[in-house]
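The values are calculated or read from the model by the stated rules, or taken from the named source; none is laboratory data. What you are looking at is a predicted structure, and each value in this text was computed from that prediction instead of being measured. All Cβ positions, glycine included, derive from the backbone under ideal geometry; neighbour counts span all protein chains shown. The area values use the complete protein model at the heavy-atom level, side chains included, leaving out ligands, DNA and RNA. Shrake-Rupley method; radii C 1.70, N 1.55, O 1.52, S 1.80 Å.
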Amino acid sequence: LVLTLTSCLLPVARALPPAIRKISLCTHGERSRYWSGGHLRGGDVPMPLKRKAISEIEDKDACSSDAYTGLHPPEVVNEAKNGTVNLSDVEEEEHLEESLKQSKDEYIQRTKRLIYNSDDRLARMADHADRILARAMRRHMSGEDDAALQLLDKAKSLRPRRPKVYEYYAKVYIDQDRETDARDALEESIRLAPERSYETWFLYGQLQPAEDAVRAYNKGIYLAKAKLAYLDDIIKNQPGNPFHEEARDQEVEVRQSLASAHCSVAEIFMSALQEEALDAEKESLAHALEARRLCPKSFEPHSTLGQHHLIHGNRTAGQLAMLEAFSVLSGLIDAERPEPDVLITGIRAAMELGMITEPRKALESIEEDAGKYTPTEVTHLLAQCHHLEGNYKEAYALMKKLKAGLGRDLTKAGWLGEQDSTILQDVTEWIEETRRDHPEVLSADESAALDDEDESSGTA
């Protein structure tokens, strides 16, 4: 009897462990449903088919991607319906589909986790590189270019194919007057992503000769206009977009950059390409007007338009444009003021147009801002304004102050830059002329010293 029972139960014992092992992978609730629901009772479904279905449902490592695209679960059901098995119990079919759906969702979540884990290191590297780039730009803005370059080297080691890294390199190189290095960095950024940023093309245009500069600026203008259209669509047509408020701020920045690029192209046609280009006057006017349309409350577009009229002999239109420029300037806060070279160029153009009062007021408003504007150039222009207005005493005092400052710089450094050397020579000649033509500006000590010099010259 024992041998008979053993021979009968041995095949059953061999078949049970795999089924039990698969069922153990299920949750407690699923196990109770399988056992209490009678799904493993004989008579309805053969045990091998049940083991196959349970294995394919619960053994996640054995599941193929096709099983989770929605193709395999119906096949399992159809096999159960059309094969040797008759699934008359609706609960069996529903439970099978539900189990497959749950397993599919688990598979998708597991796949996502695998993807996120595989990209996690790259994501951390990207975030770290972005933080390093931000630190590098802060160092650069505070004048610590060497520290900025060290940080950029670290960012480059993390993300060697990041175009923005090379764009930041170029910004530092430009301020260091390393034009060749800046040009190489920008070319690498453009090679990696030619359509990424309009700012890269604008920077590249600054370092190119006239015709190549126009092509680079036009490429950047095309990209900037595309981004401006994208931002305008969000602002006007997508009020519920979470990016809506940020889009408004970015639109202002893009408009200002685009207007500045149009002004740069207009200046190129007014100077380098004035005689070479067939329609240089027409092109410069078109770009200046487009810049004014984009940013009517900015100083640079009106100033560029005034310079255009000055160069082409239309002094009245030039004066009107410059009056508008200084009117806009008076309403700007310090953070909105134009770049120093833009403002100084506009002031010089206004003085050439015979305007004195407006340039003088503008110079007086920035005279103390030595951190942003060049004090030497501002003082020199301000003295010229006082002289042209007939205020010789004030002009003489400023010239003396300027000469003393440049003399100290020359003594301390042993040399002066080309611009400061020119200013020092001009100031020295101007002081001598003022002493000769307007002796009333001299103090008593200066008058006495001048008389002694004249007597010595006469005796000699």
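Take segment 160-179 and flag every residue that is open to solvent by 80 Å² or more (accessible area, probe 1.4 Å) and either in contact with a Pro (Cβ under 7 Å, 6 or more places away or on another chain) or hydrophobic (A, V, I, L, M, F, W, C) (or both). The answer is none; no residue qualifies.
Here is a yes/no grid of residues against (1) within 17 Å of the chain's Cα centre (by Cα); (2) at pLDDT 90 or above; (3) β-branched (Val, Ile, Thr):
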position: 158; (1), (2), (3): no, no, no
position: 201; (1), (2), (3): yes, yes, no
position: 207; (1), (2), (3): no, yes, no
position: 213; (1), (2), (3): no, yes, no
position: 218; (1), (2), (3): no, yes, no
position: 225; (1), (2), (3): yes, yes, no
position: 228; (1), (2), (3): yes, yes, no
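Taking each residue of segment 140-169 that is without any contact (Cβ under 8 Å) to a residue 24 or more places away in the chain and looking for partners that are open to solvent by 60 Å² or more (accessible area, probe 1.4 Å) with beta-carbon atoms closer than 7 Å, six or more apart or interchain, yields 147/139; 151/135; 151/139.
Is it true that some residue in segment 236-258 is aromatic (Phe, Trp, Tyr), on the phi < 0 side of the Ramachandran plot and crowded, with 19+ Cβ neighbours inside 10 Å? Within segment 236-258, none of the residues are aromatic (Phe, Trp, Tyr), on the phi < 0 side of the Ramachandran plot and crowded, with 19+ Cβ neighbours inside 10 Å.
Listed here are the residues, each with its yes/no results for (1) among the acidic types (Asp, Glu); (2) at pLDDT 85 or above.
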{"residue": "352", "(1), (2)": "yes, yes"}
{"residue": "356", "(1), (2)": "no, yes"}
{"residue": "372", "(1), (2)": "no, no"}
{"residue": "423", "(1), (2)": "no, no"}
{"residue": "448", "(1), (2)": "no, no"}
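The residues listed here are 291, 325; of these, the one that is of a type outside the set (Lys, Arg) and over 15 Å from residue 350 (Cα atoms) is 291. Counting the residues of segment 383-419 that are open to solvent by 40 Å² or more (accessible area, probe 1.4 Å), under 24 Å from residue 362 (Cα atoms), in contact with a Ser or Thr (Cβ under 9 Å, 6 or more places away or on another chain) and part of a helix (DSSP H, G or I) gives 5. When residue 320 is tested against (1) more than 21 Å from residue 337 (Cα to Cα); (2) aliphatic (A, V, I, L, M); (3) open to solvent by 40 Å² or more (accessible area, probe 1.4 Å), exactly one condition is not met: (1).
Here's the yes/no breakdown for (1) open to solvent by less than 40 Å² (accessible area, probe 1.4 Å); (2) over 18 Å from residue 165 (Cα atoms); (3) part of a helix (DSSP H, G or I); (4) not aromatic (Phe, Trp, Tyr):
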position	(1), (2), (3), (4)
181	no, no, yes, yes
188	no, no, yes, yes
195	no, no, no, yes
199	no, no, yes, yes
205	yes, yes, yes, yes
213	yes, yes, yes, yes
225	no, yes, yes, yes
